[in-house]
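Here the structure is laid out as structure tokens; the discussion comes afterwards.
None of the figures in this text is laboratory data; all of them are computed from the coordinates on show. Treat the numbers as computed from the prediction; the structure is a model and nothing was measured. Ideal geometry is used to build each Cβ from the backbone, glycine not excepted, and the neighbour counts take in all protein chains shown.
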Amino acid sequence: MSDAPEKKPGRIAEIRQAYSAIKSLDPQIGWWMLGAAVLTAAVVVGIGAIFGGGWLIYAALVAIPAAALAAVVVMNRRGNGAMYKALDGKVGAAGATLTGLGKRGWYANQEPVAVDGARGTRAQDLAGAALVFRALGRPGVVLIGEGPVGRVGKLLKQEEKKVARVAPGVPVHLWTVGDGDGQVPVRKIAGKLTRMKPVLSKQEVSVVNKRLTSLGGIRPPIPKGVDPTKARMDRKAMRGR
């Protein structure tokens, strides 16, 4: 039996996988990508035609990669929109949006750090339960609550006290998922996190992470790594990198 590491798919294969996943959520994605590619190519070639001569040849050569890039950008943007639309209202949606933040200097995962009101140990038993997800970065600790407002508020305060006990002085931000006043829509969670002002050094974040890890965790009634949409998309592939 070979111990050779599993070969990762190439960039083109990754883009194909991402396209297939996105198309299952947005059947019109192919037409949007085609339209973006054709429009971009037409604009580039048109600019070359205006200058004429060698510029037209150069523009024709540039039009191909420019059109491909435009198609990938459209796939990425519409893919994100389709993903968030599919997540909206699903249990664990807030945790799903934290995927990939590790590359941006955050410690976060899809599993909740606290659950209140679960009726059993199955994922569907979380309907109506309050969940709290945690993200740690240079801006501090962000606790994201999902579920019934009243129950979520209490659970967030409990988790805030736990964080303050092991990491005194570290900023703690309390967010509640939703579209109401003072709430954060699912589609805006990742973007809002990355725009927050840093106050801690990388070394301090590492120390705080160890302290938070010492709090232990729960055994949530969600299988580890659960994806509420069952259609996880590789953001790296979506970016074409």
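Below is a table of values for the structure above.
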read-out: Listed peptides 47-60, 130-143, 18-31 by packing density, highest first (mean Cβ within 10 Å); value: 130-143, 18-31, 47-60
read-out: Stretch gain in nm, segment T194-R77, where the contour uses 0.36 nm per residue and the Cα spacing is subtracted; value: 40.4 nm
read-out: For T176, residues with placed amide H under 5 Å, excluding near neighbours; value: G145, V184
read-out: FRET E, pair H173, Q28, Förster distance 25 Å, beta-carbon r, rounded to 0.05; value: 0.10
read-out: Amide N of the stretch 184-205 lying under 20 Å from the label point, which is placed 7 angstrom from the Cα of R165 along Cα→Cβ; value: none
read-out: Label-zone membership for the stretch 10-51, site K103, 7 angstrom Cα→C-beta point, backbone N under 20 Å; value: 10-23
read-out: Label-to-label distance, nm, for residues given as A127 and S20 (7 Å Cα→Cβ offset); value: 3.1
read-out: Pair S214, I57: separation of 7 Å Cα→Cβ label points (nm); value: 7.0
